[in-house]
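Only the coordinates and a few stated rules stand behind these numbers; no lab work does. Treat the numbers as computed from the prediction; the structure is a model and nothing was measured. Here the Cβ positions follow ideal geometry from the backbone for every residue, glycine too, while neighbour counts run over all protein chains shown.
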Amino acid sequence: MTTPRAQPLDAAPQLHRRALALALRAADLARELVRAAEGSGSDSLGARMKLDGSVVTAVDLEVEARIRALICAHFPDHAILGEELSDHEGGASPEPAADYEWVIDPIDGTAGFVHGVPLAATLICLRERGVPVVAVADFPSIGRRLHAVRGCGTHEDGRPVRVSPSFDPEQDIVCHGDPYTFALSGHSEWIERAQGRLKFFRSYTDAFGHYLVARGSAALVLDAAMERWDLATTRLLVEEAGGVVARFPDRNDPRRSTVISGCEAGVQWMRDLLGAA
């Protein structure tokens with residue numbers, strides 16, 4: 001597959017440029033809040049378990065609330081889907097009430113954040129009629145950030161980044177999510193099969209693994225039980241970096257996805273290995 005040449009940001013629709021500026025501003029705000037709370041410990045962070053078994057803190061809630069307020073002030077007619085402050089119960093999600101929908105994960109990797117692991121991310125995406133068009137992934141603790149606008153490529157610190165140009169299972173790093181998520185998704189055999197064939201199969205979980213793929217540090221990421229707020233941002237970042245994102249509905253909950261993401265050759269190799277049509 002030949003990836004179309006990225007156009008300059010000035011050529012993007014005005015709304016996309018405005019949305020990117022807002023998303024970057026929201027990421028700055030989130031970074032400040034997350035850094036201020038780092039190292040506080042689970043009790044000080046107000047950490048608790050949600051019904052789905054994942055962890056949430058007071059910082060997650062504050063970050064999402066502040067980002068929502070910013071979006072509502074500038075794009076009052078846009079819908080918002082957030083991990084913490086939206087109602088996700090009751091089966092399949094309704095269609096958004098607007099053509100434009102923001103998708104927010106205030107802290108992706110909250111479990112690690114609570115334990116002082118510095119790889120949590122804030123994920124912000126704008127979808128246009130269901131298609132991601134603007135995305136920002138910010139990693140507050142390590143000061144890294146990717147952003148993408150559809151048709152304009154993926155950038156880190158002002159420079160374009162690309163996925164790995166080729167794939168070698170004996171040389172390249174392949175990231176994977178937590179093993180329990182593969183059991184949760186009904187794809188537990190996938191991680192077992194991949195582990196037997198890859199030399200550098202490493203557990204860089206959550207958005208950090210997708211970040212490594214988008215910038216070409218890792219060739220692939222195999223991730224399971226991804227929610228909509230996990231996938232919207234990471235999908236656009238990888239695609240605009242020239243990569244491919246193959247999505248498979250989870251066997252136990254079709255609202256979630258198992259994903260093979262990375263360079264085209266690597267994604268095809270992994271699909272063949274796993275028998276994933």
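As a proxy for reagent exposure, ranking LEU81, LEU9 by other Cβ atoms within 10 Å from fewest up yields LEU9, LEU81. As a proxy for reagent exposure, ranking PHE208, PHE167 by other Cβ atoms within 10 Å from fewest up yields PHE167, PHE208. Under the simplified labelling scheme, the ALA276-SER217 pair shows an inter-label distance of 2.2 nm, with each label point 7 Å from Cα along Cα→Cβ.
If you place +1 on the Cβ of every Lys and Arg and -1 on the Cβ of every Asp and Glu, how big does the dipole about the Cα centre of the range 192-277 come out, in debye to the nearest 20? Please report the intermediate quantities before stating the final value.
Numbers: 12 positive and 11 negative charges, 39 e Å.
Dipole of the range 192-277, to the nearest 20 debye: 180 debye.
Based only on other Cβ atoms within 10 Å, what is the fewest-to-most ordering of THR154, THR205?
Numbers: THR154 25, THR205 21.
Ranking THR154, THR205 by Cβ neighbours within 10 Å, fewest first, gives THR205, THR154.
Note on the range 9-160: with charges restricted to the Cβ of Lys and Arg (+1) and Asp and Glu (-1), its dipole about the Cα centre is near 480 debye.
When the charge dipole of the chain is built from unit charges on Cβ atoms (+1 for Lys and Arg, -1 for Asp and Glu) and taken about the Cα centre, the candidate among SER54, GLN195, PHE113 whose Cα reaches farthest toward its positive end is GLN195.
Please state the charge dipole magnitude for the chain, taken about the Cα centre, from unit charges on C-beta atoms (+1 on K and R, -1 on D and E), reported in debye and rounded to the nearest 20. With Lys and Arg at +1 and Asp and Glu at -1, about 660 debye.
Per-residue extension of 0.36 nm, minus the Cα-Cα distance of TYR180 and GLU32, leaves a gain of 50.1 nm for this segment.
Ordering of 252-262, 121-131 by packing is 121-131, 252-262, highest average first (other Cβ atoms within 10 Å, averaged per residue). Comparing LEU236, TYR211, GLY151 along the charge dipole axis of the chain, the residue lying farthest to the positive side is GLY151, per the Cβ-charge model. Placing pseudo-labels 7 Å out from each Cα toward the beta carbon at SER166 and SER188 gives an inter-label distance of 3.8 nm. Per residue, the convex hull spanned by the alpha carbons of the range 173-274 comes to 77 Å³.
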